[in-house]
Each structure stands twice: as structure tokens, then as C-alpha cells.
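The structure appears right after this line, and notes come after that.
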Amino acid sequence: MSAQVGKPAPDFKLKSTKNATSRNDLGFQVSLSDYKGKWLVLFFYPLDFTFVCPTEILAISDRYEEFTSLGADVLGCSTDSVFSHWAWINTPVDKNGIAGLKYPLIADYKKETARAYGSLDEDSGEAQRGLFIIDPEGVVRYITVTNSNIGRSVDETLRILQALQTGARCPADWKPGKATLVVTG
């Protein structure tokens, strides 16, 4: 079963970098149920130590407090191992690393979660750039999967999150503070 808007998000339990202070701490697992009661922005990216990935991962990290202020958390996921993630988050930015990352990365080494979310490129074994917004009840509310060469917009992700949180119908180019649509009759 693949993730679908309006349906329960596929469950996962994966090793992560969450709370790790050394390579020996790796293996703390996170699951979808850990985020029950809050919004979750779960995104997949192709590989650690690549070119486009660090730009968007760090852009989200730079604005992580905006996500948390909206009652949301963020998880990044690739099919790399948790050890690769650890090496990457401990590599300086000027050496293509993502040191200082403010949210955990999860390791979908068996590729089961990327597949369940419809984000696995079966030919390469890499995750595609999939982004999923999951509501506090664990229901998928937004899905986008894009070409690996194109980084995602943090502004757009925050806008979509805020639009979903209104519970209303939001017109094209809606922005927080603008009117939502009122449907009568």
C-alpha cells in the first residue's frame, strides 16, 4: 500500500540520529506513533553527501523553529544507513556536510518506508524527493514527489502546512492571514 492523501500514513520504525551524541548512540528508533498529536513533515531525499540534498536539508533546518511554532516536527529520510547520516551531520557545511542540523534523519536502509510512501526509485534504490505532511491523527494531508535535481521550497512547505491547519478551503496563492473561501448553499 502506498501513502494516499486522506488515508492513514504508512507506519514506520527506523533507526535515527535523534538524541545521538556519538556514533555509539545511533540506533534510537523513531516511529510514526512518536509524532501522534502533532503535525509531521516527513521528507525523503536521494542520498547523503550529494549536491542538492544539503541545500534543502539545511534550508529546512534554518527554519526549523517556524515548523515547531506551528506544532509540527520534521524528519528527513533516505535509504542511506544511520552511520552515513551520522558522518554527514558531523561534517562541516564547507565540506558538503550538514553539521548543526536541528532535526533527526532516519535511515530507511531496507527501502521499505520509501516504497510504502511511493518515494522509492526502484531502478536506483534511492529515495526520490517526496514530501508528506501528516496531521496529528496520523493521516496524510499532502504529498509531493519531485525530480531529484530540484530542491523543495521551505516557504511553500510552510504555506501548505499553515493552509492545512486552517481546516478551510484556501484559494490559489493563499498566504497566512489572507481570507479563506466561504462556500454557501
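FYI, it's all coordinate maths here, none of it is from the lab. All values derive from a computational prediction rather than experimental measurement. Cβ atoms come from the backbone with ideal geometry, glycine included; neighbour counts cover every protein chain shown.
Pick out, in residue order, every one of the chymotrypsin sites (Phe, Trp or Tyr not before Pro) in segment 1-108 that is DSSP loop and has at most 12 other C-beta atoms within 10 Å; say none if there are none.
Within segment 1-108, the qualifying chymotrypsin sites (Phe, Trp or Tyr not before Pro) (loop, at most 12 other Cβ atoms within 10 Å) are F51.
If contacts are Cα pairs under 8 angstrom and at least 6 residues apart, what is the relative contact order of the chain in percent?
That works out to 26 percent.
I need the calculated FRET efficiency for the pair E65 and K95, taking r as the beta carbon distance and R₀ as 22 Å, to the nearest 0.05.
0.30
Scanning the chain for GluC sites (Glu not before Pro) in DSSP loops with at most 11 other Cβ atoms within 10 Å, what's the longest stretch left with none?
1-121
Which order results if S153, S22 are arranged by neighbouring Cβ count within 10 Å, fewest first?
S22, S153
So, in nm, how far is label K175 from label F83 when the simple model puts each one 7 Å beyond its Cα toward the Cβ?
The two pseudo-label positions are separated by 4.8 nm.
Using label points projected 7 Å from each Cα along Cα→Cβ, tell me how many nm separate S22 and N147, to one decimal.
Output for this residue pair reads 4.6 nm.
What is the log10 of I(q)/I(0) for segment 13-166, computed with the Debye formula using one identical point scatterer on each Cα and no solvent, at q = 0.09, 0.11, 0.16, 0.18 Å⁻¹?
Calculated log10 I(q)/I(0) at the listed q: -0.25, -0.37, -0.84, -1.10.
V52 to S33: extension gain in nm, 0.36 nm per residue of separation minus the Cα-Cα distance?
3.9 nm
Do any trypsin sites (Lys or Arg not before Pro) in segment 1-110 lie in a loop, going by DSSP, with at most 12 other beta-carbon atoms within 10 Å of their beta carbon, and if so which?
Here the trypsin sites (Lys or Arg not before Pro) that fit, given the DSSP loop and packing criteria, are K36, K110.
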